[in-house]
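Where a number appears in this text, it was derived from the coordinates with a stated rule and is not lab data. Just so it is clear, the structure is predicted and the values come from calculations on it, not from any experiment. So basically every Cβ, Gly included, is an ideal-geometry build from the backbone, and we count neighbours across all protein chains shown.
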Amino acid sequence: MHASALPKRTYLYGIENLRALAICMVVLTHCQYFVLLDNIYARFIRFVLSDVTAVFLFISGFLLHHIEAQKFNYKNFLAKKIKFVFLPYIFYMIPATAAGLFMHQHESYQLTIPGYIEWSLLVGGPVIGPLWFIPMIMLCFVTVPALLRMTRMNPWIVGIILCITLLVSAFTHRPYRSLNPFTSFIHFFSFYLSGIYLSSFPKIANKIKAHALAVAIFSLSIFTILAIYAVTHHLFPEPDDGFMTTLGDFNALMTGKIFLCLALYALFERYACVHRPHLSHIASLSFGIFFVHQFFLIAADRIATQLQWEYTSEWFMIELFFGFGGSLLYLHVAKRILKKRSKYVIGC
Amino acid sequence: MSLAVKSLSLIIFSLSYLTAHAEEPKNLRILVIGQSISSNCNQYRFPVSPHIDQITLTGTEVPAKDPMIWADCTGGSMWIPLGQELLARHMAERVVFMPIGVAGTAIRDWLPGGRAYPKLQTAMRLIRDHKIHFDFILWHQGSSDYGTSPLKYRESFLSVVRDVRKQGNLRGSKWIIARHSGCVGRFDPAIWKVQNQLAASDNNLNFFTGPDNNLLGAAWRFDGCNLNKAGQERMGALWADSIQHALARNARFRRETLLTWFH
């Protein structure tokens, strides 16, 4: 088919704005304030914010199909991901791993120095928590040819496969500290597939958009019921019992995220699918913010500890300022210095 | 569905677990930090028991008996019973203790300027100089912190941990945190809660949940606080449960996070 005959790709402002919201939620979820503020309201807020990485996976899957499906070249695709995902990952893993060695973490993990470096690279390392995401998403990239082939199947069959993967997500939990890309992949894969599914079958996506309000009300109701149940029955926050120990146990948090993701998709695609410069800017930096925000939050936490600050709402404002503001400032400066090379280093 | 999923996944993942197994140490070395109940302030003095040793003031190892050399008071401890439990459960072939508790200490006493801090420094110096490795550090403290702010207790505890790791070069040791926030008739629920939270914040690698001393009533104590012989034996068994639990959790953690794939 000639390129000019291919349907023109529309710019997905709804998805872009959703990405901006998602990265804000990711930064919020890593703020110590909500972790240490141990009351029912803080736990409810944490339920909303936790595992919002799933929304990123959904967006990633959606954009993958939207951008790549028409003329997919696996070699070029992997080369791009190695350049713009894996290389920034290595760039951030160097100081993170060095910090871990400086803090003698390899002794805590009973590893030699080379063993600690190799292990950290495989699992994303224990120093900067969010980096677990990258080894897992690389596994998703490996599956892309099969997933794109699958989208040419009957939507009902793909829908059944999707439902199975959603059930897997609903009945599994994260591995210990997310330090296993393979079980993380199993746990989160359904969101990646969901994004691909909705992009592949526009009739279904359009139905959701057409009934966005009803879909959102329904989904948010289920989400709220799950949130209230989990928080009031002390099912959340969950103990870190790993993937294997909790295999088959109902995961209220993840099930809630499925419905939250659906509600956000419906609402943003219907009501927020216009260009918003500030959100667009944050979305364009989202990958970079994802990589770097935890460095700033850790710095803020260290300063608070040294100054013996109590975790008050003023402290939360400072965390936000450091985590979000620090990340944005760093990324702007880095982009100015690195110019065209910035995507290879900082991811944006 | 739950059982079917569990069974299928166990078959699929069994390969990765073939090379891993719970590591059962031959010699277990245990450092103890805390206040009176962790020291020799309990009622009964246990005699020497085979394969249970303690570290002396010069770093050598001798058969352990109450009162333990480094710890406060002149009565008995719970450590011989713990050693006996660990041996009976085949969790070790030999157990070596070094309890350095000081009676009546609040957590601030284990920080710089505190009355237990010089002892901590001396012990850490000896440990570092003799390159002594401890598998576990048992923390049994809290009743003297009745009314202490939980956040303050948390920060102080983490500060003690940092100090011990740095000064004693004990970064690979696992901490087991007992719940102990008072004596019979007066417990601080906030301190008990923060002790639970500290263990629960990890519970796989560095910090683990220890026994709940608060649950032992007057029948287990001889002076309303410190333990009688039955109480010492009971706490020994509870500590053994905690150590067993910690070893199992740590082994599972190491397998699942692929640590067993690396050296």
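Would you grab the residues whose amide H sits under 5 Å from the one on residue B:97? Only those 5+ places off in sequence or on another chain, please, with H modelled 1.01 Å from N. Excluding prolines and chain starts, which carry no amide H, the hits are B:30, B:53, B:54, B:55. What does a probe at residue B:229 reach in region B:46-90, counting residues whose amide N is under 19 Å from the point 7 Å along Cα→Cβ? Answer for this model: B:46-50, B:65-68, B:74-85.
For residue B:225, no residue whose modelled amide H falls within less than 5 Å of its own remains once neighbours fewer than 5 places apart on the same chain are excluded. If a/c stays under 1.5 just call it rounded; otherwise compare a/b with b/c (prolate if a/b is bigger, oblate if not). Do that for region A:6-112, with a ≥ b ≥ c from the square roots of the Cα gyration tensor eigenvalues. It is oblate, given that a/c is not under 1.5 and a/b is not larger than b/c. Can you figure out the FRET efficiency of residue A:70 with residue B:61, using R₀ = 60 Å and their beta-carbon distance, to the nearest 0.05? Efficiency computed from Cβ-Cβ geometry: 0.25.
Within the P(r) computed for region B:186-263, what percentage of the Cα pairs occupies the region above 18 Å?
Roughly 54 percent, rounded to a whole number.
Of the three principal axes defined by the Cα atoms of region B:27-90, the extents in descending order read 30, 26, 20 Å. Entry for region A:68-124 at q = 0.23 Å⁻¹: log10 I(q)/I(0) = -0.85, Debye formula applied to identical alpha-carbon scatterers, no solvent contribution.
Counting only residues at least eight positions apart within a chain, or on another chain, the aspartates and glutamates with an alpha carbon under 15 Å from that of residue A:209 are A:269. Sparsely packed loop sites in region B:126-197 (the trypsin sites (Lys or Arg not before Pro) outside DSSP H, G, I, E and B with at most 15 other Cβ atoms within 10 Å) comprise B:131.
Among the trypsin sites (Lys or Arg not before Pro) in region A:70-159, those located in a DSSP loop and surrounded by at most 10 other Cβ atoms within 10 Å of their own Cβ are A:71, A:152. GNM remark for chain B: springs join alpha carbons under 10 Å apart, and the peak mean-square fluctuation among B:84, B:244, B:232 falls on B:244. Roughly what percent of Cα-Cα pairs across region B:135-215 reach past 21 Å? Here the tail beyond 21 Å accounts for 24 percent of pairs.
For region B:80-188, the list of GluC sites (Glu not before Pro) that fall in a loop by DSSP and count at most 14 other C-beta atoms within 10 angstrom reads B:93. Taking a span of 20 Å or more along the helix axis (Cα atoms) and a mean Kyte-Doolittle hydropathy of at least 1.6 as the rule, the DSSP H helices of chain A that qualify are A:155-170, A:212-232. Put the Cα centre of region B:58-94 next to the Cα centre of region A:291-342 and the gap is 48 Å. Normalised by the number of residues in region A:58-188, the average gap of Cα pairs under 8 Å and 6 or more apart makes the relative contact order 23 percent.
Working from label points 7 Å from Cα in the Cα-to-Cβ sense, the residue A:214 to residue B:26 distance is 7.2 nm.
Dividing the convex hull volume of the alpha carbon atoms of region A:199-348 by its residue count gives 208 Å³ per residue. Neighbour counting of Cβ atoms within 10 Å sorts the residues A:15, A:303, fewest neighbours leading, into A:303, A:15. The spread of Cα positions in the protein assembly as shown, taken along each principal axis and listed from longest to shortest, comes to 91, 50, 46 Å. Count Lys and Arg as plus one, Asp and Glu as minus one, and take only other residues whose Cβ is under 12 Å from that of residue B:116; the net charge is then 0. Scaled against 2.2 N^0.38 Å for its residue count N, the alpha carbon radius of gyration of region A:88-184 is 1.37. Candidates A:49, A:85, A:201 compared by Cα position along the dipole of chain A: farthest toward the positive end lies A:201, with charges placed on Cβ. Rounded to the nearest angstrom and listed largest first, the equivalent-ellipsoid semi-axes of region A:103-146 from its Cα gyration tensor are 26, 11, 5. Kindly identify region A:107-237 as rounded, prolate or oblate by the Cα gyration tensor criterion: order the square roots of the eigenvalues as a ≥ b ≥ c, call it rounded if a/c is under 1.5, otherwise compare a/b with b/c, prolate if a/b is larger, else oblate. Note, shape of region A:107-237 comes out oblate.
The convex hull around the C-alpha trace of chain B, projected and averaged over every direction, spans 15.2 square nanometres.
Within the straight-line cut-off of under 25 Å between alpha carbons, the lysines reachable from residue A:343 are A:71, A:75, A:80, A:81, A:83, A:335, sequence neighbours fewer than 8 places apart in one chain being disregarded. Over the Cα atoms of chain A, the radius of gyration divided by the Kirkwood radius equals 0.95; this is the Rg/Rh ratio. Shape summary: region A:243-312 maps onto an equivalent ellipsoid whose semi-axes, from the alpha-carbon gyration tensor, are 30, 26, 12 Å in decreasing order. For B:158, A:253, A:328, the sequence from fewest to most other C-beta atoms within 10 Å is B:158, A:328, A:253.
What whole-number distance in Å separates the alpha-carbon centres of region B:123-195 and region A:97-166? Here the two parts' Cα centres lie 35 Å apart. In chain A, helical runs assigned H by DSSP with n ≥ 4 each contribute -39500 (n - 2.57); averaged across all residues and rounded to the nearest 500, the mean residue ellipticity at 222 nm is -22000 deg cm²/dmol. Shown for B:33, A:161, A:113, B:52: other C-beta atoms within 10 Å of each C-beta, ranked fewest to most, produce the order A:113, A:161, B:52, B:33. With a cut-off of 13 Å between beta carbons, the residues surrounding residue A:268 carry a summed charge of +2, where Lys and Arg count +1 and Asp and Glu -1. Residues whose amide H lies under 5 Å from that of residue B:179, counting only those 5 or more places away or on a different chain, are B:210, B:212, B:213; hydrogens are built 1.01 Å from N in the peptide plane.
Residues in region B:73-88 carry Karplus couplings, in order, of 6, 10, x, x, 10, 9, 7, 5, x, 5, x, 4, 4, 4, 5, 5 Hz; the curve used is 6.51 cos²θ - 1.76 cosθ + 1.60 with θ = phi - 60°, and Gly or Pro positions show x.
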